[in-house]
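Take a look at the structure set out below.
The numbers here are math on the coordinates, done by the rules we state, and not lab data. Source: prediction; values computed, not measured. Backbone-built Cβ (ideal geometry, glycine too); neighbour counts: all protein chains shown.
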Amino acid sequence: MRQLNNEQTVGRNWVSKFIHRHLGIKIKRGRRQEASRFNAFTPQAVHWYFDIREKEYGWIKPENTVNADEGGIMSGFGLDSLVVGSADPKRKALLKGPQSRNWTSFIEAITADGRALTPGIIFKGKELQKQWFLKEFGRIADWHYITSPNGWTDNHIAIEWLERMDMEAMQRMHGWPRAF
């Protein structure tokens, strides 16, 4: 309005009335995500991965295919906020933020036939401490635990975990080609 030299301002209820008039948008909670991760996840990166995977490894049997994923638990991060976005429930609202965070990562994998492989847990720190692993955690004692300066996965950690998973997979797959 100011660009049109109009000194009027929008009313107090303008946003809610605008949303009510446009069924394709609604208010939803936006999750905070670090800017570097937000900027790196693009449709081009996803398409590139699947193009390479099909071209290079499409001949591997589905039962010898392992799907691995990395996730994590964040502490010390800012609050989520309400934002205006698409009414489509599949479209999430992400908020870019400059905040730093403490992050504990996990790497998990499952085979195409439904078997879960041993997960990897990456803590922020220089070395593991025994007091982190209480008696209550006995059932997860065989998980692969490691530390990194920021709690994130890096190439070294991923390769170490993959080597351990590859040994598990080889025992089950009897030498057939496999894909992680």
For Ala35 paired with Glu163, estimate the spin-label separation in nm (one decimal), with each label point 7 Å from Cα along the Cα-to-Cβ line.
3.7
Between Ile27 and Ala112, with labels modelled 7 Å along Cα→Cβ, what's the label distance in nm to one decimal, could you check?
4.7
Using a Förster distance of 35 Å, how high is the FRET efficiency between Asp88 and Lys61, based on the Cβ-Cβ distance and rounded to 0.05?
0.45
Please list the non-local residues whose amide H lies under 5 Å from the amide H of Gly125, H modeled 1.01 Å from N, same-chain partners needing a gap of 5 or more.
Ser148, Asn150, Gly151
